[in-house]
Structure formats: C-alpha cells, structure tokens
C-alpha cells in the first residue's frame, strides 16, 4: 500500500517532467528541432570517479552522464552552475531464488521472504533515495509495466503470519523449522559480487541477509568475483541437475521491450549455462512468455506481457528491489537543450535516445548554433566497431555516429519514425511452409553517409545479409530469424523473417555502409576508426549516417566528433 | 670502511655465549633502551598493539556491518570545538508520544501490547460520533537547536480495528519554527482490520520532497528543519462513520524522530554511516596481523634456507642462493595483482605470496652468520665430538643467529604492511577484512576527497607511516645490538633497505 | 668471470621460467570463464558456446601451453577481450606515457636526491641534516600511494592548481609549445609523487656513502695535503661514490616500474601499469598476461643491466 502510493507519486513526477518538456517543445520545438546545433563534441575519457567530479566543477566537461555517487549528486545539486536531470531507468536489481532447491521450492517461503524486504529503507539508506524501489518484474518506466495485485509489498507482520501458518515456526534458538523435515532451516547462501566490484550490491546483500536472519531464516553472504559468480549461477550440474546456490543478488539493464521475461524465465533456458538460473518451470508462464517473445502485434505483446507479469508475481522467482534512475548533470551556465528520455536518461544512452545529441546547444553562441561541448565518457570505448561493441561507453559514442531506422519518442517511448519514415508489417510463407514476418520499410529521402554516398535500401539489405553471414554474437537477436531482403527501389525494402514476431520490426538495421563493409572479411578485428577513408580525406572508415562525424580518438584521453554538415534532418 | 665483500669471508665471532640466557636478556634490554629510537619505536608499536588487541572493547560498533550511525561522512565529534561546526547536529532520537498533548473529544484510552513485541500502544477507541468525522490529535513540540540536519527519519508504528462502515485516516504533520505546515504522510483509508505496521517517513524520500513542493534534488531535512526553534509534530487520527454501534480503534505505538548527527565518534563515519574509528582499530589489527604473520613465515623460510645453504655449502648453497636471486628479480606487486585477479582476493593468498617473496634477505643474513659460525671453535668441537649436522645447527648455530633473525623479522613487517595496504587500496584486498588500505580505497571511491574529508583520509595513511617508522627503528636497534659485523658479513647494507621501503609501493 | 655469467644466465632463465609458469598456471587455476565478461541477459546457451569456441578456450591445456610459449616467443600475446586489439600493440602504444612518467621522475629524483645528499653530507650534524634525514625517514616509510593521495588532496582539491588525470587536456591546446606546457602540467603531480616517495633513499644513500668516504684514509690524506673542503668533497669523495650510485640507479628501477602501477592508476595515466590493473579489474585475460609479462621482463632486464653496469664501473668487485 505504501508502495502503491509511492508509485503514484512517481507517475506524477514522470508526468510533470513530461509536461514541462511538452511546454518547451510547444515553444521552440525543444526535441524536434533541426539539430544538431553544436559544431563539435569532445568526449574526454575520465575513468576515475573523483576526477570526473572535479572535471565538471572545474569546467573541463559540460555533460556528466549517469552520476551515481550520492555524494556527487548532493554536491552538484547545491551548485548553481549545474543542472541535474532525473529519469527513471529501464533497469532492475533483484534478489533471485534457486527454485529447485529445498526449502526455496516452497512458494510460501519465497513469498514470506519477499514480504520481509524493506525496499524503501534500502533505497534511502544505501542510495540516499536516488533510485526507485521496485516490486514488479518490469519497472514502471517501461510502457509494458503492469500493476498486479500479486506483488509482495513490505509487510513483516504478514510474513510472520505466512511463515507460522505454513509451519515455519521458530525453534528454541530462534531459527525457524522446516515443516517438511522438522529440522531447523539450513543456512542459505546468498551470492553477491564483491564490495570492490559492486559496493552497493554487496551492501544490499548484507542487509538482506540481516533481515532474513532476524526473521529466523539463516542466510550467509558469500561474495564472489563477478565472473566466478556468474559461472556459479549459470552452472547446472549435468549429473545432479542442481545449481550450487540458494540466493543471489544481481541487476540487469533492460530493453524498451520486456523480453527479459522470456530470456530469463522461460523453462527452455533452464539448462547448464542457460539464463534461467532460478530454474523457473511453469507451463502457464512459459505459454505467456512465448506469446511475448513472438507477438503478432503490439497489442498482443502488451497482453502477453501483462499476463506474464501476473503469473510471475505469484511465482516470485525474484524479489525485485530497485530500479535505477539516470541522473545526468549539465553545466547549465554553458549548455542547454538536453532532453530527458524516459527509461534512458538525458545523456546516458545516446544509442537508444538521439534527442539530447540533436538538441544540445551552447548558451553563449548566437542563435544557439555552433561551438563545442564536452561530454564525459567513463572509459575508453573498446573498438568503435559496431559489430563488436559490448560496452556502454562504446554505445555512447556510436549513438552519435549512427542513426536507427526507428527511434522512440522521449516522453512516451512510442515508435518514432526515423530513417524509416513508415513501415508495413505482413506475413509470408517460408520455404519450409512456416509463417514468417515480412516488413517493408520506406526510407527517408536525402540521407547520406558521412562521406556523401547516399544511404539506400541496398545498405539495409547489405547490413542484414552481412549479419546473417557473420553472425556477430552481440546482434544475435537481429540475425537469428532473418531470411532475406528484397529491394523494391532505392528507398523501399522488404525484410523477410522466418518466424512471426512483432519485434522483428525493430530488429532490422541499416548501419553498415555497403561501400565500406563489403570489403571487410574479418569483422571482429576490423578497427574502422584506425583506417583512413579510401576517398575522402580527413575521414576514417568509421562512417555512419548520424548527426556527428568521427574525427579523432586519443585512447585514454578523448574522442572528437564534428557536426555532420549534411545531416538529413537539418536539411529541412 | 669501504664495503667488504662478502660471502665466504671468515669473521671473528665475538660472542657472548658464555653469559647465561637470563643475564643475556637483561643485557639486551639495557642496550635496547639506550637507543631512543628503539625505545620510542617499541612504545609506538605497543600502543598500536594495545589498540588493535583491545578493538572490541574500545568500540561498540562492527567496522563494516554497523551503518547509519550518523549522516553520511559525518565529521569527528571533536570538531564541535571548531567554531564552524559548533552548531552541527548530533544524533538525536526523540520519543514522540511519551510527552504528547492529546486533543480530542469522546475517545477512550487504554494500553495494549501487540505484535508479540513489548511495544506499548495507546489504544484510542471512539464509538459515540454522530456520523460526523471525529478526530484525535497527538501533538508534540520539539526544540531543535542545531544547524539544519542532512536527514531525518520518523517511525510510526500503528494498527487499526474498525467495525464495517468505519473508515480511519492517520496523518503526520510538521509545523516548522517559521509556522509553515507540512503534511508529511497520510495513510490510505483504513477499513476493518489493519495489522500492525511501522510507517517510516524518511527525508531522503525524493517523492515526498516533490510532493511537498521541493525539487527532486533538494535536501528535505535541511529545508524543513531550516532554523533553530520549536517544531510541532502532530499525529492526526480521524474516524468517519462511527456511531453507538460502530466503533473504530487506533493503536499507536511510540513514534520516534531520529536525526542522524553530523558529528560522530573520534574519526567520524564513512559514506554509509559506518564508524571510522572502528574501521581504524580493526584495520590496525589486520595490519599488524598481516605484517607479523608474513614476516614470521618469511623468516622461518629464510632461516631454514640460510642455515642449509651456509652449513651445507657446495652446489646446494649455489642453487639456493640462485633461487634467492630469481625471487629477488621478480616484481612482487604485479604478481600479487595477477594472483588477486585469478585465484582470488583472500588474505591467506596475500600472506603466502608476500612471504614467498621476502625470505631472501633473511636467508642471506643467516647464511653468512652460519658460514662464520661454522668455523668457530665451539662448532668444530661439537663436530669433532660427533654431533649430527641437525644437532649442531639446532644447538650451536641457530641460537646465535636468533638476534639477527629477530631483527630481520621486525624489519620485514613494514614492507608487508605497506604491500597489503597497497593491494587493498587498489581494490584487490580481501573483501571480508577491514584494513587501512581499504579505508583509503573507500575514501577515494566514495567521495572523501570531494568532501575534503581529511579526517577519513589522513588517519590510515599516517598510521601506516608511523607504524613503519617505529618498526624500522626497533628493527635497526635490534640489528645494531646483535652484531653489526655479522650483518656486514652478510653483505646487506642498511642503506639499501631504504629502497625497498621507499618505493616498493 | 665464467661462473659469473653462468650465474646470471641461471638467474635470468630461472626468473623467466617462473614468470612464464606463474603466468600460465594462474590463468588455468582460475575459476570462471572469460565468456562471462561479455555475458548479457539476451544471450542463449548456444551463443555462449559460440563465444567460447571463438576465443579458442575449448582446447586441452597442453595445447594451450604450447600455443602460449610459441606466442610468447613471437611476442604475440593474443588480442584483448576488451578492445579486440593485439595486446602487444596496446602495450607499445602505452609505453611512451610510462617512459615519460618514469624517465622524468627518475631524472628529477636522482638529481635532487644526490644533490641533497651532498648538501647534508657537507653539513653533517647541522639542523638541515636532522630535518632532511628525518623527512627522508618519514617519506620513506610512507606508502607511495598515500603520498600520491596527499598531493592529490592538497593540489587537486584544496588548492585547485594542477590537473589530476590523464596526460593532456581534452582537447589539447594548439601549437607546439602550448602542447608541451600542457603535458608538463599534467606530469607535475604524478612525477612529484614518485619523486617525494623515492628521493629520500637517494639522499640517504649519497649522504651515508659520502660520510663514510670522508672518513676514509685517502680523503684524510687529501685533506692533509691542504686541499679545500669543497675540492675534497667533489673531487675525491664524490668520485668514489659514483659507481655504487650508478648501480643503485639500475637496482631501483624495478621498484619504480612497479610503483608505476599505482601512480598511473591514481592519476589515470594511460600507461603499462594502469593497463595491467584495468585488465585485472575487467578480467581481460590476454591483456593481464601480456602486461604482466611485459613488466616482469622489463624488471629482469633492469636487473641484468644493473649487474653489467656495476661490473663496468667497478670491476674490482665481484657481484654476489
């Protein structure tokens, strides 16, 4: 109940933020402009959190995305030169159960434990209130969020009652008795990443263990290196079919669509190395998750997501704890025009949200055009090769260089036509007689790659064919069901998939320039930014169709991008 | 005195072996305390040792598991003597309803105990309303005299019982010293039975701040308790629909207002409100423990190898000494980093590794001493009398190297302490152990520098320094006493030690 | 002479063997698998198997070991998981920053240290002697990283005068001299950290050596001949102190190289030491192996060099 009130307030904040933005956009088209407005973006690479903090104060950077230390947030909030934005993120941090081990296979015990978790207290005390408590499988920042009555809110009295009624009564030493064995509950192991790697996760884990301990459920925290931890969680003994843990804490960054409800909980992933580490096996849930994975329409997806969340909450394979907020800091005495994108923040995810890059401008420039801004990058991006990119830092740079076919409205997260001005979803019959999706995209006119070569339907076809041939692991979702493409004319292309799914609409990409990538055989070791462009001087092979053009990267120091003079959207 | 080389040279053994062990000890201490460095150093070490051993008595807090003791990065308590912080809030915990004024007509009061805990509840029953809403107000005035706090937390245990048709509300209001009224919390409509719950109202609740008209990033506590004065806290309980045959009952447990202080303990607190003084004390434990265990292990290894090498001679000597050279030429820190990355960050690993890489000095010293002793008449006599090598080493050689071994043990400790601190500082230390290096790692990771929290940064670093100097003094004093000639025979110049301590980190 | 070279050879090969073995064994002892560093919730089990295959981690150990030795000899450390670049190239690209940092700090440290040593030796027993010797003890006993932290606190936060991260501004100023100035400014704090933590030992060494030398017979003779104090100090005493100083120079290199790990990570300098640490924190195994091997071999070479130089400058002395 407390939580519900809280969530209502959260909705209100979101609404207010949107309102304020709406007002802005009504006045001067704040996020629909003819950007980009700045001539140059420098991305200083600063790995040390102290140095980052100092850099914003000293004015070495103008944009500090994803500020996550409470002490920094407090200090920035007090500084009149600095403006902070807060956006609920698509993220979930949780404690997971091993559902296939006694005593956690008992849903009553899991339920009671869920009622014991005081999320608000954790959020206030560990995060200083800068993240949002989360009790559902999908955060409220997602349009697929479904409010269900099954959610277990903080209610220690209820937990106590549930436990007692189910026979988990306290023994003499205060430890509860397992009704099935009539012996005291064994000590459960709670696996957490180490303090060094993830201080907040470790902190949360310790506090959870204390909570359960106080309630008579013995829990011991075991902190492991991240990779050891993942290995241990994923390993399902081939002989005994067991996983060696009871509880674990972890967090996921989520996508705009709640596909994690399928990839993390469907019973087909309950195998050695599979992602369904809780070992959830439930026929009804599987059916709902499959519907979510392969919906024909958005409506079906919404329905399936709601159904899955409903069942999920009753099964309680996780205890969700919090969902991150993106807090981005701007030197408002220098820059303006940043756009908060629900789920992605104002400056944290340029790949998912192009809006800030397009609208950011300097306050000291006449008519708000021109000038250079400095946008902090947390670490060196690995390769700047879009096919081999794994890190968020890489996406942060690539997001400025590439555009997608379809993007999202920052306020509602609804589809926003981009390189594809419109698309038609249909079905076809594959060679094996199955039904598959076919999506026909109409591409925007006047789009060129950074070297002036027009971007056409052939690039889309090339991209998809190339991915199908090379099978880069990080883009598996794109190529795994792809069949072929047919180009109708320069700006119209039909993309055929072997299965029917509404999500295929978003899978299609057109980010590989055929005239550059057709020569690339070993895509993994290709370092586009290191190779000079064959024809245009001053460019590298790292070219896209996005608002900024890659110029220079001094590893460990900075990356320099300049405005794309012939950006398709600024031509009116 | 140019440096004399080295191995194999016979050194006259001016011994004090005829003196009884008892008087030998007295002789040693007299010599030891003649050196002020030795005396001061030993004093410092003793102070650290007492603090380390007595840690559980000297602080009530667990260094890592007790948090929220004060507001994040609270300053040390003694800083209240600085004019700037004279008014800083100290931790306050106010029981609200003990002395509350009660205002409301037609209520029946009683006491009850609920929740299986010894929580006393005010039972307020109303059953005479004429359909009109009735209300009960618990009002408490709190004098707040300090600078605006960073955080406050209200806890309000309550429960409700009502006949069908009766609806209750509970609400918490705060009237500031300036007379502004803020509604901090309103319950959802309470119908029928609402079991005991503890409502928590936290100033870090960003949504609350927004609801009260502040910015998401504003500090609610310092906005609301902005100035000294009298603050009125009201718990308003309302009932609707009570009549002769329908009553409603509120159970109100003792409400509390907690304001975590900005000043705490001898060294303040860290970012999650854990006591830094406890971390320092337990850090001293870890440091001394790691230092001495490592040094002891290294010295045992070194003595064995040194004695074997010196006594046996020949190819064994050659091999062992070359192995020592090999170990000397491998850089320790990178190896420790790689080990931490691959087989884990356990303190045992650190100790074993450090010991494996620090026995070489001792081995050389002991080897040289053994070489010298081997030619002494009393050893030769023992050999002539048919003593086995083990017997001779045990009876005649080891006792005489004891002083040197002791000195090198003490001198190995600072290196081990610094190495462990460095590893912890880099984030590669044992996560279960409170250490000084980890304090510094946290200080750097969680914003102590940005807050200029020197009381967090300086103590661990300066303690390592002080302890190292003390150990160096003691070690050098012991070393000087127990025969400088042997040290020179072993070829170890005191000065080169500076190198390994000065820049090994 | 021959035994000497045999010994050195043994030590060199032995060290190499230990390093190579440590490197190989540790990475196979380790729990977990490298695929985990690139795991994401959207990966299926097949995908993880594909990754495993791609990184060649399914081969048996002895094949991996053979491959490993072959690669070491051909300086092929594999590709970093993180950047997909050859580790060797990455190390080389980071070498200049490390060399610049270590070179400049070393130069300053030695010059200042020796100068201070001469200064206090000639004023033995004076107040200067007490103060400087005391400071040397103090800073010598202070962990290197703590000195860096103190400098960071004072000159980065309290008095905001020096840059605290990286080797250049982003973007660097235009023009040659402004660029040089920019780089020097970025070097101040890291270099100062290394110098402060190491200069004491140089000073003490010089001082103590000079003090002993000044008491030696040939100096007394020189004094008796009526040579000036200054002449005795610089002309005779210092000259006799040079050979051990030269050796000390090389002998202290390994410590300094190791210290770079800490200093580079505190001041975010894109060098070899920080590369090792970052690779460690990211579980980037080829990078860890490569960086460790690189540092260890650099240290070995310094040791070897120290030996030869020692023999060169002072052939009277048989080493060890």
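The values are calculated or read from the model by the stated rules, or taken from the named source; none is laboratory data. Fair warning: this is a prediction, and the values are worked out from it, not measured in the lab. Cβ: placed from backbone, ideal geometry, glycine included. Neighbour counts: every protein chain shown.
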Qualifying residue in the range C:279-298 (condition: over 13 Å from the mean Cα position of the chain (by Cα), free of Cβ contacts under 8 Å to residues at least 60 places away in the same chain and within 14 Å of chain A (Cβ to nearest Cβ)): yes
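On the basis of being at pLDDT 90 or above and more than 13 Å from every other protein chain (Cβ to nearest Cβ), does residue B:241 make the cut?
On the way: at pLDDT 90 or above: no; more than 13 Å from every other protein chain (Cβ to nearest Cβ): yes.
When the stated conditions are applied, residue B:241 does not pass them.
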Only one of A:399, A:436 that is more than 14 Å from every other protein chain (Cβ to nearest Cβ), under 19 Å from the mean Cα position of the chain (by Cα), crowded, with 17+ Cβ neighbours inside 10 Å and modelled with pLDDT of 90 or more: A:399
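Condition check: in contact with a strand residue (DSSP E or B) (Cβ under 8 Å, 6 or more places away or on another chain) and assigned to a loop (DSSP other than H, G, I, E, B). Does residue B:179 satisfy that?
no
For (1) out of contact with any strand residue (DSSP E or B) (no Cβ under 9 Å at 6 or more places or on another chain); (2) modelled with pLDDT under 90; (3) within 11 Å of chain B (Cβ to nearest Cβ), each residue gets a yes or a no:
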site: A:10; (1), (2), (3): no, yes, yes
site: A:16; (1), (2), (3): yes, yes, yes
site: A:26; (1), (2), (3): yes, yes, no
site: A:29; (1), (2), (3): yes, yes, no
site: A:35; (1), (2), (3): no, yes, no
site: A:99; (1), (2), (3): yes, no, no
site: A:104; (1), (2), (3): no, no, no
Single unsatisfied condition, residue B:345 versus (1) under 20 Å from residue B:416 (Cβ atoms); (2) in contact with a helix residue (DSSP H, G or I) (Cβ under 8 Å, 6 or more places away or on another chain): (2)
Residue A:89, sole failed condition from (1) closer than 30 Å to residue A:292 by Cα; (2) surrounded by fewer than 22 Cβ atoms within 10 Å (Cβ to Cβ): (2)
Which listed residue is modelled with pLDDT of 90 or more and over 22 Å from the mean Cα position of the chain (by Cα), from C:85, C:116, C:95, C:107: C:116
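Tally time: how many residues in the range A:92-116 are farther than 26 Å from residue A:292 by Cβ and either touching a helix residue (DSSP H, G or I) at 6+ places or on another chain (Cβ under 9 Å) or crowded, with 23+ Cβ neighbours inside 10 Å (or both)? Show your work before the answer.
So in the range A:92-116, the residues farther than 26 Å from residue A:292 by Cβ come out as A:101-103, A:106, A:108-109, A:112-113, A:115-116.
Now drop any that are not either touching a helix residue (DSSP H, G or I) at 6+ places or on another chain (Cβ under 9 Å) or crowded, with 23+ Cβ neighbours inside 10 Å (or both), which leaves A:103, A:108-109, A:112-113, A:115-116.
Here the count works out to 7.
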Total residues in the range A:60-92, condition part of a helix (DSSP H, G or I) and in contact (Cβ under 8 Å) with a residue 12 or more places away in the chain: 6
Residue C:162 out of contact with any strand residue (DSSP E or B) (no Cβ under 6 Å at 6 or more places or on another chain), modelled with pLDDT under 80, buried (at least 17 other Cβ atoms within 10 Å of the Cβ) and not in a helix (DSSP H, G or I): no
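Matching residues to (1) under 30 Å from residue B:446 (Cα atoms); (2) within 14 Å of chain B (Cβ to nearest Cβ):
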{"site": "A:112", "(1), (2)": "no, no"}
{"site": "A:115", "(1), (2)": "no, yes"}
{"site": "A:122", "(1), (2)": "yes, yes"}
{"site": "A:139", "(1), (2)": "yes, no"}
{"site": "A:144", "(1), (2)": "no, no"}
{"site": "A:161", "(1), (2)": "no, yes"}
Any hit, the range B:65-88, residues being over 20 Å from residue B:440 (Cα atoms), assigned to a loop (DSSP other than H, G, I, E, B), away from chain A (no Cβ under 14 Å) and in contact (Cβ under 8 Å) with a residue 40 or more places away in the chain: yes
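Out of B:174, B:220, which single residue is within 14 Å of chain A (Cβ to nearest Cβ), modelled with pLDDT of 90 or more and surrounded by 21 or more Cβ atoms within 10 Å (Cβ to Cβ)?
Numbers: B:174 fails: within 14 Å of chain A (Cβ to nearest Cβ).
Only one candidate qualifies: B:220.
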Subset tally (residues that are surrounded by fewer than 24 Cβ atoms within 10 Å (Cβ to Cβ) and more than 7 Å from chain A (Cβ to nearest Cβ)) for the range B:442-452: 1
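Within the range B:126-136, is even one residue touching a residue at least 60 places away in the same chain (Cβ under 8 Å), within 14 Å of chain A (Cβ to nearest Cβ) and over 23 Å from residue B:205 (Cα atoms)? Step through it out loud before you land on a result.
Taking the range B:126-136 and keeping what is touching a residue at least 60 places away in the same chain (Cβ under 8 Å), we get B:126-131, B:133-136.
Keeping just the survivors that are within 14 Å of chain A (Cβ to nearest Cβ) gives none.
No, that holds for no residue.
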Residues located in the range A:150-166, provided they are more than 20 Å from residue A:321 (Cβ to Cβ) and in contact with a helix residue (DSSP H, G or I) (Cβ under 9 Å, 6 or more places away or on another chain): A:157, A:160, A:161, A:163, A:165, A:166
Qualifying residue in the range C:53-70 (condition: at pLDDT below 65, out of contact with any helix residue (DSSP H, G or I) (no Cβ under 9 Å at 6 or more places or on another chain) and surrounded by fewer than 17 Cβ atoms within 10 Å (Cβ to Cβ)): yes
Any hit, the range B:262-281, residues being within 21 Å of residue B:360 (Cα to Cα), away from chain C (no Cβ under 14 Å) and either at pLDDT below 90 or buried (at least 24 other Cβ atoms within 10 Å of the Cβ) (or both): no
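The rows are residues; the columns are (1) free of Cβ contacts under 8 Å to residues at least 12 places away in the same chain; (2) closer than 30 Å to residue A:481 by Cα.
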residue	(1), (2)
A:542	no, yes
A:545	no, yes
A:558	no, no
A:565	yes, no
Helices (runs of 4 or more DSSP H) wholly inside the range B:379-464 containing at least 3 residues that are over 30 Å from residue A:78 (Cα atoms): B:389-392, B:398-425
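Can you list the helices (runs of 4 or more DSSP H) found entirely within the range A:226-323 that contain at least 2 residues being surrounded by fewer than 18 Cβ atoms within 10 Å (Cβ to Cβ)? Explain how you work it out, then say what you get.
Working: elements: A:226-234, A:260-263, A:283-293, A:298-315.
Because the criterion is at least 2 residues that are surrounded by fewer than 18 Cβ atoms within 10 Å (Cβ to Cβ), the helices (runs of 4 or more DSSP H) in the range A:226-323 that meet it are A:283-293, A:298-315.
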Condition check for residue A:363: in contact with a strand residue (DSSP E or B) (Cβ under 9 Å, 6 or more places away or on another chain) and within 30 Å of residue A:117 (Cβ to Cβ): no
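Would you mind stating whether residue B:437 is touching a helix residue (DSSP H, G or I) at 6+ places or on another chain (Cβ under 6 Å) and either at the interface with another protein chain (Cβ under 7 Å from one of its Cβ atoms) or at positive phi (or both)? It would help to see each step written out before you state the result.
Working: touching a helix residue (DSSP H, G or I) at 6+ places or on another chain (Cβ under 6 Å): yes; either at the interface with another protein chain (Cβ under 7 Å from one of its Cβ atoms) or at positive phi (or both): no.
Taking the combined requirement at face value, the residue does not satisfy it.
How do the strands (runs of 3 or more DSSP E) wholly within the range A:461-571 filter down when requiring 2 or more residues that are modelled with pLDDT of 90 or more and within 14 Å of chain C (Cβ to nearest Cβ): which remain? Reasoning before the result, please.
Working: elements: A:482-489, A:492-497, A:548-554, A:558-563.
Strands (runs of 3 or more DSSP E) meeting the threshold: A:548-554, A:558-563.
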Criterion (within 14 Å of chain A (Cβ to nearest Cβ) and assigned to a helix (DSSP H, G or I)) met by exactly one of C:222, C:148: C:148
